[in-house]
Amino acid sequence: MAAEVNKGPALGIRHLQALLIFITITSVYIGRLNVGVSVVAMTNAESTNPDFPEYDWTEAEKSYILSSFYWGYIITQFLGGYLCKLFGVKNVMFWATFASGVCSAVTPLFIGWGGWGTYCGIRVLMGFAQGLIFPCIHQHLARWSPPEERNRLGALSHTGIEAGNVLSMFVSGMIAKGPMGWPGISYISAGVAFASCALWFVLAANNATESRFIGEAERNYIESSLKHKENYHSTVIPIPWRAIFTSGPFLALIVARCSETWGLSTLQAEIPAYMNGVLQMDIKDNALFSALPFLAMWIMSYVYLVFADILLSGKCLSLTAIRKTFNSIAFWLPAATLIGIGFLDVDQKNFAIVLMTLSVGFNSGATIGSSLNSIDLSPNHASILMGIVNTLSNVVPIVTPLVVGQIVSDNTDRSQWQIVFIISSVIFFVGNCIYLFFGTAVSQPWDAEDFLQPQPIAGLEIGERQHEKPDSKMPIS
C-alpha cells in the first residue's frame with residue numbers, strides 16, 4: 001500500500017499563488033475592458049455625470065479607440081514568454097501590471113491634452129504591458145502546480161477573466177454616473193492595478209524554493225512532483241523551436257485557440273449589432289442584458305471546474321479526455337446556438353437573449369478544454385507556447401470585424417447575418433475536430449530539459465563496437 005504524501009496545509013502557498021493570479025487577471029481586465037463604458041460616458045454626458053468634459057468623436061474615431069489596445073497586445077505576447085524565462089515571472093508580471101495601472105491613471109490627463117489620438121496611444125501602451133502577462137501566468141502555473149492539481153489551480157486562476165468582464169461592466173457604469181464621473185473609471189482601475197501589484201510584490205515567488213512563506217512539506221511536495229534536476233530553477237533551458245513548430249499537438253492547439261477566438265469575438269462583438277439591426281433591440285443600452293452573458297460565463301466556469309475535478313479525482317476520465325470533452329461542449333454548443341440565433345425574428349427577442357447568454361456561458365469550458373493545454377504539452381516552455389498561441393489568436397479579433405464588414409452591407413438583412421453565423425459555426429466545428437484528432441494533454445518529448453543537449457552515450461557505444469570489431473579477429477595467444 002503506497003504511503004500517503006504529505007502535501008502540507010489544505011490551503012497552501014500554491015493556492016495563494018493561484019489567488020494572486022486571479023486578482024491580477026481581474027485587475028488588468030478591468031483596465032482593459034472599461035473603455036467601452038468610458039467612451040460612451042465621454043461622448044454622451046447626459047447618460048452619465050454631465051459635470052465633466054464631453055467629446056464629439058466620430059464613429060471611426062471611437063472604433064480606433066476600442067481596437068487600439070490589441071495593436072500593442074499582440075506584439076508583446078511572444079516577448080513576455082521569453083522575458084519571464086530570463087528575469088523570472090515575479091519581476092515581469094509586477095512591472096507589466098504596474099505599467100498597465102500607470103496607463104489607466106494618466107488617461108484623463110492625456111485625453112484633455114490630446115483628445116482621441118492620445119487615448120489611442122495610451123491604449124496601445126496598455127496593450128504592450130498586458131501582452132506580457134498571460135505567458136508569465138502559464139509559466140507561473142507550471143512552476144507552482146503539481147501535475148494532479150494543475151487543472152484545478154489553472155482553471156481557478158483563469159476565472160479572473162470572467163470576473164474582470166462582469167466587474168468592469170457593472171462598476172464602470174456606476175462610477176461614470178457618480179461624483180467622480182468618467183475620469184473616475186480610470187482612477188479606480190489604476191488603484192485596483194496598484195493594489196494587486198502590492199499583493200503580488202509581497203506574496204508572489206517565482207517557484208516554491210524561493211517563497212518565504214511556504215512550509216517544508218508543501219515545498220517538497222511541489223518540487224518532487226515536478227520531477228526536474230536540482231539546478232532546474234537557476235538554468236535557462238534552450239528552446240526547441242523546430243520541435244515546437246513541427247509538433248502536431250501544438251499546431252492543433254493553435255488551431256483550436258484561433259477558432260475559439262473567432263467564435264467568441266462573433267458572440268461578443270457581432271451579435272449585439274445583429275440584435276440591434278435585425279431584432280430592433282439595443283442590447284448595449286441595457287446593462288443587465290449586456291452583463292448577462294459574462295455573468296453566465298463566470299458561473300459556468302466554476303461548474304466546469306467542479307465537474308472536471310470530480311472526473312479527475314474519481315479517475316473516470318484521463319486529462320486528455322476531459323480537455324477534449326469540455327472543448328467539444330464549449331465549441332459545438334455555441335456553434336449550434338449561433339445558427340439558431342440567425343433564424344430568429346423581431347417577435348423572439350427574449351429567446352435571442354437566452355441563446356446568446358447560453359452560448360457565451362457554454363464557451364467558458366474552453367479554458368479547461370484548450371486554454372491550459374500549453375502547460376500540459378510543455379511545463380518547461382509553457383510561457384513560450386502561450387506567447388505563440390496568444391499572438392496568433394489575438395490577430396483574429398482584428399480580422400473578424402473586417403470579414404463581417406465585407407459580408408454585411410445592410411445591418412437589417414437577416415440573410416447576410418446568417419452567412420456570418422454559419423462561417424463562425426463551421427470554424428468552431430472544424431477547429432474542435434482538428435483538436436480532437438491531434439490534441440493531447442501528454443507532455444511532449446521536446447519538453448525534456450536535455451532535449452537539445454548532445455547525446456554522447458549512443459555515439460560512444462557505436463564507437464566502442466567499431467573498435468572492438470577488428471580486435472575480435474585477433475588470435476588469442
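The values are calculated or read from the model by the stated rules, or taken from the named source; none is laboratory data. Quantities reported herein were computed from a predicted structural model and do not represent experimental measurements. Don't worry about glycine lacking a Cβ; one is built from the backbone with ideal geometry, like all the others, and counts go over all protein chains shown. Calculation scope for accessible area: heavy atoms of the full protein, side chains included, ligands and nucleic acids excluded. Shrake-Rupley method; radii C 1.70, N 1.55, O 1.52, S 1.80 Å.
Worth a mention:
- Within the assembled protein chains, the solvent-accessible surface assigned to VAL442 is about 80 Å², based on a 1.4 Å probe.
- Over the chain, volume per residue of the alpha carbon convex hull, in Å³: 185 Å³
- Cα shape, the range 243-444, gyration tensor, a/c 1.5 rule: prolate
- Sites GLU210 and GLU46 - FRET efficiency at Förster radius 35 Å, r taken between beta-carbons, to 0.05: 0.05
- Entries of LYS324/LYS349; LYS85/LYS227; LYS7/LYS85; LYS90/LYS177 with Cα pairs more than 30 Å apart: LYS324/LYS349; LYS90/LYS177
- Within the accessible surface of the chain, defined with a 1.4 Å probe on protein heavy atoms only, the carbon and sulfur portion equals 66 percent.
- Dipole size of the range 243-444 about its Cα centre, with +1 on Lys/Arg Cβ and -1 on Asp/Glu Cβ: approximately 540 debye, rounded to the nearest 20.
- Size-normalised alpha-carbon gyration radius of the range 14-232, reference 2.2 N^0.38 Å: 1.12
- Modelled this way, with points 7 Å down the Cα-to-C-beta line, the labels at ALA336 and ALA217 are 4.7 nm from one another.
- The charge dipole of the range 308-419, taken about its Cα centre with unit charges on the Cβ of Lys, Arg, Asp and Glu (plus for the first two, minus for the last two), comes to roughly 340 debye.
- Cα-projected label distance for VAL395 with SER67, points at 7 Å along beta-carbon direction, nm: 1.5 nm
- Estimated FRET transfer efficiency when R0 is 22 angstrom, pair VAL426-CYS316 (beta carbons, to 0.05): 0.10
- Cα lying deepest toward the dipole's positive end in the range 243-444, options SER318, TYR274, ALA252, charges on Cβ: SER318
- What the Kirkwood sum gives for the range 52-144 is a hydrodynamic radius of 14.1 Å, with every pair of different alpha carbons counted.
- Over all other residues within a Cβ to Cβ distance under 14 Å of THR159, the charged ones net out to -1, with Lys and Arg as +1 and Asp and Glu as -1.
- Positive minus negative residues near ASN206 (Lys, Arg vs Asp, Glu; Cβ under 10 Å): +1
- Charge tally in the Cβ shell below 12 Å around SER364, where Lys, Arg are +1 and Asp, Glu are -1, SER364 excluded: -2
- With 0.36 nm allotted per residue and the present C-alpha distance subtracted, the ASP410-THR118 stretch has 101.9 nm of extension available.
- Net charge dipole, the chain: roughly 760 debye, given to the nearest 20, about the Cα centre with Cβ charges of +1 for Lys and Arg and -1 for Asp and Glu.
- Taking every full run of DSSP H in the chain, the ones that stretch at least 18 Å from end to end by Cα along their long axis and average 1.6 or higher on the Kyte-Doolittle scale are 287-313.
- Counted residue by residue at 0.36 nm each, then reduced by the alpha carbon distance between them, the extension gain from VAL403 to ASN350 reaches 16.3 nm.
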